[in-house]
């Protein structure tokens, strides 16, 4: 027989509030309080089961052309398409309410709502930060890159775009410890055998639980719990559970559990080459191409990348107005005039570089207001915006119309067969509830996206 006493009644109030009052606000915030989540269209119609199928248009029909009077008509041909698959990723956020907290609200009007609000508001902010970080990543969860081991419990992390003394330069080199300041949980991921065709990653199970951070100009130092692996060049850190160890025989993408983001899409590489790199060698035995389309086979499945003359991460150069216009023109040429790019997004440091150029050139910089209240600078009639998680030293020229967030459904509370969303934590006087969403960022045209990278800047 189900328990129907006072605590059950209070739980019913909690659950009703979480479903009808808090959930719509959570959905609104997570879907619209981040610029990428707000401006990239959502697609549920093309998701079947755990995946979406996209037909990529890459070639035109050859059945056109001029002929002589009486000449043979062009042979029939067709438009060229390649089908790809977008597999959704699973994101969760769990709140906990103690039994005494729940019991203490039984005689206080509105107290139960406040108790829920504190937890739901907090987990929403945390989820928003994590999802936005993922929307800028490559799917492997990079939080930081190892630089050196000072002792069993002290490590330094890379913080330079170019010229890090150990470990090579790559995605995550500029992060330092910024993603470990408020959320201190992390585990090391050690890539090995990158020089051949048998590269793998080993994900440690020890949470290093960062307890102190000392910031520096070229690297940050963290104090941690001693992990169970030995760090080496190419080591990076991820949230516990957000990546998996791979083997030579692993399927493509086996180790990648987070959503793909802008860094993984706007590039001319496969995803594993971005995450697993020591600056000289990169890539895993289980090559992990975006949406299953390998850039080494399909040259058209590459974004426009304007890198340093010596190569990406091989140097830095000053931002110039001409470089910006080159990037804009190259993307516009691929996307089509009036179609793309339709947004430029970068860091505050690079925006300052741009404003200084305009001031020196005595150019007037106009601002614009977008739907949703977002403000931006006007560049060639499109918004130039900043994002907290945008990548240092890089400026992205996006065609948002060719990006979509494929999801099975909107954010929701995980429920049992009876619709209950609060469940007892076995062995504890406490209850928990889990917010979830199954989704992935996908791309319909990779060559309509572009990045101007290897830019010099003065760090914030």
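Under 8 Å for C-alpha pairs, at least 6 residues apart: give me the relative contact order for the stretch 139-299, rounded to a whole percent. Before the final figure, lay out each step's value.
Numbers: 394 pairs, mean separation 44.5, N = 161.
The value is 28 percent.
Ranking 395, 34 by Cβ neighbours within 10 Å, fewest first, what do you get? Present the calculation step by step, with values, prior to reporting the outcome.
Details: 395 25, 34 19.
Fewest-to-most ranking of 395, 34: 34, 395.
Which of 138, 453 comes first, and how do the rest follow, when ranked by fewest Cβ neighbours within 10 Å? Could the numbers behind the result be given before it?
Working: 138 28, 453 22.
By the 10 Å Cβ count, ascending, the order reads 453, 138.
Tilt of helix 6-17 relative to the longest C-alpha principal axis of the chain, in degrees (0 to 90, nearest 10)?
The answer is roughly 20 degrees.
If R0 is 51 Å, what FRET efficiency do you get for residue 297 and residue 429 from their C-beta distance, rounded to 0.05?
Details: r = 57 Å, r/R0 = 1.12.
Plugging the Cβ-Cβ distance into 1/(1 + (r/R0)^6) gives 0.35.
What number, rounded to the nearest 500 deg cm²/dmol, is the helix-based mean residue ellipticity at 222 nm of the chain, given -39500 (n - 2.57) per DSSP H run of at least four residues and division by all its residues?
On the way: 9 runs with 94 residues, N = 460.
So the calculated ellipticity at 222 nm is -6000 deg cm²/dmol.
So if I restrict to the alpha-carbon atoms in the stretch 213-322, what is the Rg, and what is Dmax, the biggest pairwise distance, in Å?
Looking at the stretch 213-322, its Cα Rg and Dmax stand at 16.6, 49 Å.
In degrees, nearest 10, range 0 to 90: what is the angle between the Cα axis of helix 111-134 and the longest Cα principal axis of the chain?
Once rounded, the angle reads 20 degrees.
Take every Cα-Cα pair in the stretch 18-85 and report what % of them are more than 20 Å apart.
64 percent
Once you keep just the Cα pairs under 8 angstrom separated by 6 or more residues, what percentage relative contact order results for the chain? Write down the numbers at each step before the final one.
Working: 982 pairs, mean separation 88.9, N = 460.
Answer for the chain is 19 percent.
With 44 Å as the cut-off, how large is the P(r) tail for the chain, expressed as percent of Cα-Cα pairs?
Numbers: 19837 of 105570 pairs.
Cα-Cα pairs in the chain separated by more than 44 Å: 19 percent.
Can you list the equivalent-ellipsoid semi-axes of the stretch 14-138, largest first and in whole Å, using the square root of 5 times each Cα gyration tensor eigenvalue? Let's see the in-between values first.
Numbers: eigenvalues 606, 34, 32 Å².
Output for the stretch 14-138: semi-axes of 55, 13, 13 Å.
Can you give me the angle between helix 321-335 and the longest principal axis of the chain, using Cα atoms only, in degrees from 0 to 90, rounded to the nearest 10?
Taking the Cα atoms of the chain, the angle to 321-335 is about 90 degrees.
If you bin the C-alpha pair distances of the stretch 139-299 every 10 Å from 0, what whole percents do you get?
12, 43, 35, 10, 1
Taking only Cα atoms of the stretch 173-230, what ratio of Rg to Rh do you get with Rh as the Kirkwood inverse-distance radius? Could you put the intermediate results ahead of the total?
Values: Rg = 13.3 Å, Rh = 12.8 Å.
Ratio value, two decimals: 1.04.
Between residue 375 and residue 318, with labels modelled 7 Å along Cα→Cβ, what's the label distance in nm to one decimal, could you check?
2.9 nm
Can you sort 429, 342 so the residue with the fewest Cβ neighbours within 10 Å comes first?
By the 10 Å Cβ count, ascending: 429, 342.
So what's the convex hull volume per residue for the Cα atoms of the stretch 331-374, in Å³?
On the way: hull volume 5.1 nm³, N = 44.
Roughly 117 Å³ of hull volume per residue.
Roughly how many Å is it from the Cα centre of the stretch 421-437 to that of the stretch 45-92, as a whole number?
47 Å
Taking Cα pairs under 8 Å and at least six residues apart, what relative contact order does the stretch 203-261 come out at, in percent?
28 percent
Each value in this text was obtained by applying a stated rule to the coordinates, not by laboratory testing. Source: prediction; values computed, not measured. Don't worry about glycine lacking a Cβ; one is built from the backbone with ideal geometry, like all the others, and counts go over all protein chains shown.
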